[in-house]
Amino acid sequence: MENKEKIRSLAENVWAYIAAFLRWGVLGLLVGGLGGFVGALFAKSVAWATAMRGANPWLLYLLPVGGLAIVGVYKLCRVSGVGTNEVFEGVRSNKGVSILLAPAIFLGTTITHLLGGSAGREGAALQIGGSVATFFGKLFRLNEEDRHILTMCGMSGVFAAVFGTPMAACVFAIEVVSVGRFCTSALFPCIVSSASAYALALVMGVAPEHFLVENVPAFDISTMWRVLVIAILCAIASMLFCWAMHSGAKLFKKLFKNEFLRAAVGGIVAILLTLLVGTRAYNGGGMDVIERIFEEGVVRPEAFLLKIIFTSITIGAGFKGGEIVPTLFIGATLGGTLALLVGLSPAFGAAIGIAALFCGVTNCPIATILLSVELFGGESALFCMIAALVSFLFSGYFSLYSGQQLIYSKLSEKEINVHGH
């Protein structure tokens, strides 16, 4: 009798794992498939907008009008004030985000890039993914815990489709919400979602981001002290960027209570700044600037600071987009500049800077390491890992996302449970 009970219990356990595999395999494929399709369309839309802006420089002068249109779209979809922080909240509670957030952020980000606002794509990817996942969660009537996992699946799927980094996307979606509390049960669903979304995006012609880092130096003391200098200074820059982003939003809200006026004024300020600096390098995401550092070693020392200013004004005024591409821009330009000062190649310094900046503003060291491997290959991975972990320590509790929770102290095994600031 006892043996029968043991066999029955074993069979039930085996079936539970098989059922979970099948269930999350199907749900991950569904969310990843839709997320990959929408993400690929979104990536193509942003690429089209960037090309159009490059061919028609006069579009910049329509930026204030674009700001009015974005505010109007958000009010029409009834998602004003909803963003990435609300998606994070959806992972921790039973709150979802409206399905209308997906078309609103899709259109809003495209308009921002078309008319020259300084923004990225990651915020849109996370929000579109969260919106898609909420739709499926309601459709299949999932319980609260499963909806949380499905939201992370949606985030990882669209992120992977847009950036072409499925490993980093899988871990980032889990790691970013509550730093220190890692939901391992979400790993399999998230990799199914991110891998399927990535595969579909490739079929649809979306090329993954990749940068060639040539002449990686030997791993020795001479190189390491240079890497540490770059990592620590980039950690300081990451705190500055987070502060500027939060302060810019607060300042615009304080000075201009009306959302339409806020966006219009922000657009005008961005135009004036563009004319003042005499270049369009800080409009849009700036991937071309990053590519030039890796391919030609060309970097301007003031570029990182100007990108911080342009992005904090754009997002603070109410334009839509993400902060991660600007983060890559700031990391690459600051890292490249510092590399020249300490006797390293700009491309290698840019890779170190990107790893340090990304980790500093997101507090996601594991995702940063995987992102570095996917973006730069394995040869510089150890240097990037060290830079990321140094930046993680030195950047304190600053974060681009006020909705992010940091569960543990960075100095000891002590629970603090604070929000990013």
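The values are calculated or read from the model by the stated rules, or taken from the named source; none is laboratory data. This structure is a prediction, so every number in the text was calculated from the model and none was measured. So basically every Cβ, Gly included, is an ideal-geometry build from the backbone, and we count neighbours across all protein chains shown. What goes into the accessible areas is simple: the full protein's heavy atoms, side chains included, and nothing from ligands, DNA or RNA. Shrake-Rupley method; radii C 1.70, N 1.55, O 1.52, S 1.80 Å.
Miscellaneous remarks
- Label corresponding to semi-axes √(5λ) of the Cα gyration tensor in Å when calculated from the structure given, among [x] 34, 27, 20; [y] 40, 28, 19; [z] 36, 24, 21: [x]
- Figure note: D146, D288 ranked by solvent-accessible area, largest first, 1.4 Å probe, ligands and nucleic acids not counted: D288, D146.
- Cα centroid separation, the stretch 43-105 to the stretch 117-138: 10 Å.
- Per residue, the chain exposes 42 Å² of accessible surface when a 1.4 Å probe is rolled over the protein heavy atoms with every protein chain present.
- Accessible surface of the stretch 329-398 [probe 1.4 Å, protein heavy atoms]: carbon and sulfur percent: 80 percent
- Nonpolar atom fraction for the stretch 1-143, defined as the carbon and sulfur part of the 1.4 Å probe accessible area, stands at 69 percent.
- Shown here for the stretch 153-207: chymotrypsin sites (Phe, Trp or Tyr not before Pro) in loop regions (DSSP other than H, G, I, E, B) with at most 15 other Cβ atoms within 10 Å, namely F182.
- In the stretch 53-147, trypsin sites (Lys or Arg not before Pro) in a DSSP loop with at most 14 other beta-carbon atoms within 10 Å: R78, K95, R141
- Within the chain, the cysteines lacking any other cysteine Cβ closer than 4.7 Å to their own Cβ are C77, C153, C183, C234, C242, C359, C364, C384.
- Exposure ranking of F219, F348 by accessible area [1.4 Å probe, largest first]: F219, F348
- ³J(HN,Hα), Karplus 6.51/-1.76/1.60, whole Hz, each residue of the stretch 250-256, x for Gly, Pro: 5, 5, 4, 5, 6, 7, 10
- Candidates per trypsin sites (Lys or Arg not before Pro) in the stretch 221-285, loop by DSSP, up to 13 other Cβ within 10 Å: K257
- Longest DSSP-loop-exposure-free segment, GluC sites (Glu not before Pro), the chain, at most 15 other Cβ within 10 Å: 1-213
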